[in-house]
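One structure is given below, encoded as structure tokens.
The values are calculated or read from the model by the stated rules, or taken from the named source; none is laboratory data. Remember, it's a predicted structure, so these values are computed and weren't measured experimentally. Heads up, the Cβs are rebuilt from the backbone with ideal geometry, glycines too, and the neighbour counts pull from every protein chain shown.
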Amino acid sequence: MESTELMEKPQIRAIIEALLLAAEDPLTIDRLATVLPDVAPEILRDTLASLELEFAGPGRGIHLVRIAGGYQLRTNPEFGGHIRTLFESKPVRLSRAAMETLAIVAYRQPLTRAEADEVRGVNCSGVLKTLQEYELIDVIGQLDDIGKPNLYGTTDRFLEFFGLEGIGDLPTLESSELEALIEMHDVAEEVSEEAPEEDSVEDSDDEPTTE
Amino acid sequence: MTTSSSADAAAKTDGKKEKSVPPELSLDLPAYRGPMDMLLDLIQKHEIDIFDIPIEMITRRYLEYVDQMKELDLQVGGEWLEMAATLVYIKSKMLLPDDPDDDDDEGPDPRDELVRRLIEYQVFQWAAEQLHERPQLRRDFFMAAPKALHEREQVGPPQLRQASLFDLVDALKRVIEEQEEEPEWVYEITREKLTLRGVILEIAALLADRPRVSFTELFAGTDLSRHRIVTTFLALLEMTRINMIRLFQPRLSDDNDLLIERAVIDIVEVSQTLEFDI
């Protein structure tokens, strides 16, 4: 058995390559296993891992990446401009308002429109609708509350669009900016507690508000 | 760029504010994505400690901005007025002396809630930037064109998505709108002998020659009547339900007519074997 598996390895590899190119959605190990039922899952995994190493880096035009729980071939992001020239197309542009709303949905999902409104301080219904049209978010349920408001969440298309393996792949908010801000806050408090009053009066000279 | 230059302009007007500068000069209003965005920009520009916001100055600047919006006849949404009210409220709270009878050193800072919201919003602005900087589909990277799917290979242009019921209703509306320009619509007296079965057979015959036809083509060469439009609509719904056809909506082309594609090869035969209660 083992020897046949070894012999077949280059062929398995070639088959997987072909499947990756032809597949429309990210190809999961499970889907691969249905196409190649005689191949052990470890071998599929190993082959994918080695293909991932091979299709990577600045020297390759095609990259194999993990997206939305599967594997997908895509072009090297470095060459986006060339492809757009080929297609004579402009890049899809999401407005900053759309980006903000998308970020809020991504991190807070599932959430209602009212919650997004609250964070941004503006009505988000139009932006949410646009994002829904782009298939980046969708209604994923209803809140069990008065009026049964829709709950929004991101789609697999969202993961594909930003090349994410899963939602957990997003940079964590807690460990970054927020923490820095909280630290700043603590420092600011300490300073204001320790410093005598006159100091803060002097500081206020620097303020551009003086009239 | 625009934001900083306008802030400079605002600072200058501040310096010589008694010299009645006509307000028409300050046309360069930065476009903010709402009151919170505007406040954060103010805070950054003046290097204000977000935990010690000079509420008097911020409120003044904010109200000036809202006034300018009004002068420019821009629509000032309710959210701008709501924030103005919040700022003025906080300002008035800060002006009140501490209650001497209160044993606590200080009550909660009236700015706390605003600060919490501003920080939260700033975090999401940061997150949005992170997202924006990631490689993006169709901006930075592309997938292999999905030609392998046999149905795509079989016929027609790519960039279609499966039509929803709303696309069908929209297509119907367009046909009716065209129709309403013709006065005959009102005087419709005769009624064609139309049955659902008959219309399905007609559509099937059209699709027998070509794998895909457009919605408007269904009405070519027929007398457009309300009865026909409604029957065609029902026929499409029924044919989609039993998977005889698929409906597609072009995603990117300007010509946004609904497309009807056959889902079975021997469509005429299939349509002849249908049974209806109607």
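Scanning the range B:71-80 for residues that are part of a helix (DSSP H, G or I) and either surrounded by 17 or more Cβ atoms within 10 Å (Cβ to Cβ) or within 12 Å of chain A (Cβ to nearest Cβ) (or both) yields a total of 3. In this structure, does residue B:143 turn out to be more than 10 Å from every other protein chain (Cβ to nearest Cβ) and modelled with pLDDT of 80 or more? No, not satisfied.
Applying the set (1) modelled with pLDDT of 90 or more; (2) charged (D, E, K, R); (3) crowded, with 16+ Cβ neighbours inside 10 Å to residue A:42 leaves exactly one unmet item: (3). Residues in the range A:133-173 that are of a type in the set (S, T, N, Q), surrounded by 16 or more Cβ atoms within 10 Å (Cβ to Cβ) and without any contact (Cβ under 8 Å) to a residue 24 or more places away in the chain: A:155 alone.
For the range A:126-143, enumerate the residues that are among the aliphatic types (A, V, I, L, M) and within 17 Å of residue A:162 (Cα to Cα). Scanning the range A:126-143 gives A:131, A:136, A:137.
Residue-wise test of (1) away from chain B (no Cβ under 11 Å); (2) among the aromatic types (Phe, Trp, Tyr); (3) not in a loop (DSSP other than H, G, I, E, B).
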residue	(1), (2), (3)
A:79	no, yes, yes
A:138	yes, no, yes
A:157	no, no, yes
A:163	no, no, no
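Which of the residues belonging to the range B:109-121 are more than 7 Å from chain A (Cβ to nearest Cβ) and not basic (Lys, Arg)? If the condition is that a residue be more than 7 Å from chain A (Cβ to nearest Cβ) and not basic (Lys, Arg), then B:109, B:110, B:112, B:113, B:114, B:115, B:118 are the ones that fit. Taking the condition at pLDDT below 80 and in contact with a Phe, Trp or Tyr (Cβ under 9 Å, 6 or more places away or on another chain), does residue B:253 pass? It is false that residue B:253 is at pLDDT below 80 and in contact with a Phe, Trp or Tyr (Cβ under 9 Å, 6 or more places away or on another chain).
Taking the condition at positive phi, more than 10 Å from chain B (Cβ to nearest Cβ) and acidic (Asp, Glu), does residue A:88 pass? Can you show your working first?
Numbers: at positive phi: yes; more than 10 Å from chain B (Cβ to nearest Cβ): yes; acidic (Asp, Glu): yes.
Against the criterion (at positive phi, more than 10 Å from chain B (Cβ to nearest Cβ) and acidic (Asp, Glu)), residue A:88 qualifies.
Annotation for the range A:55-74: at least one member residue is under 30 Å from residue A:119 (Cα atoms), of a type outside the set (Ser, Thr, Tyr) and surrounded by 18 or more Cβ atoms within 10 Å (Cβ to Cβ).
Look through the range A:17-33, keep the residues that are outside any loop (DSSP other than H, G, I, E, B) and of a type outside the set (A, V, I, L, M, F, W, C), and return whichever of them is farthest from the other protein chains (Cβ to nearest Cβ).
Going residue by residue through the range A:17-33, those that are outside any loop (DSSP other than H, G, I, E, B) are A:17-22, A:27, A:29-33.
Okay, now just the ones that are also of a type outside the set (A, V, I, L, M, F, W, C), so A:17, A:30-31.
Details: A:17: 12, A:30: 20, A:31: 14 Å.
The selected residue is A:30.
Looking only at the range B:207-233, count how many residues are assigned to a helix (DSSP H, G or I) and farther than 18 Å from residue B:257 by Cα. Residues in the range B:207-233 being assigned to a helix (DSSP H, G or I) and farther than 18 Å from residue B:257 by Cα: 6 in total.
When the residues of the range A:94-103 are filtered to those that are more than 8 Å from chain B (Cβ to nearest Cβ) and under 24 Å from residue B:143 (Cα atoms), the one that is surrounded by the fewest Cβ atoms within 10 Å (Cβ to Cβ) is A:95.
Put simply, of B:183, B:135 the only residue that is at pLDDT below 85 and either in contact with a strand residue (DSSP E or B) (Cβ under 6 Å, 6 or more places away or on another chain) or more than 11 Å from chain A (Cβ to nearest Cβ) (or both) is B:183.
Taking the range A:104-123 as the range and being within 10 Å of another protein chain (Cβ to nearest Cβ), on the phi < 0 side of the Ramachandran plot and outside any helix (DSSP H, G or I) as the test, the residues that pass are A:122, A:123. Looking only at residues in the range B:46-70 that are among the charged types (D, E, K, R) and in contact with a Pro (Cβ under 9 Å, 6 or more places away or on another chain), the one that is nearest to the other protein chains (Cβ to nearest Cβ) is B:47.
Within the range A:4-16, residues that are within 17 Å of residue A:45 (Cβ to Cβ) and modelled with pLDDT under 90 reach partners that are among the small types (Gly, Ala, Ser) and surrounded by 10 or more Cβ atoms within 10 Å (Cβ to Cβ) with beta carbons closer than 9 Å, at six or more positions or on different chains, in the pairs A:5/A:40.
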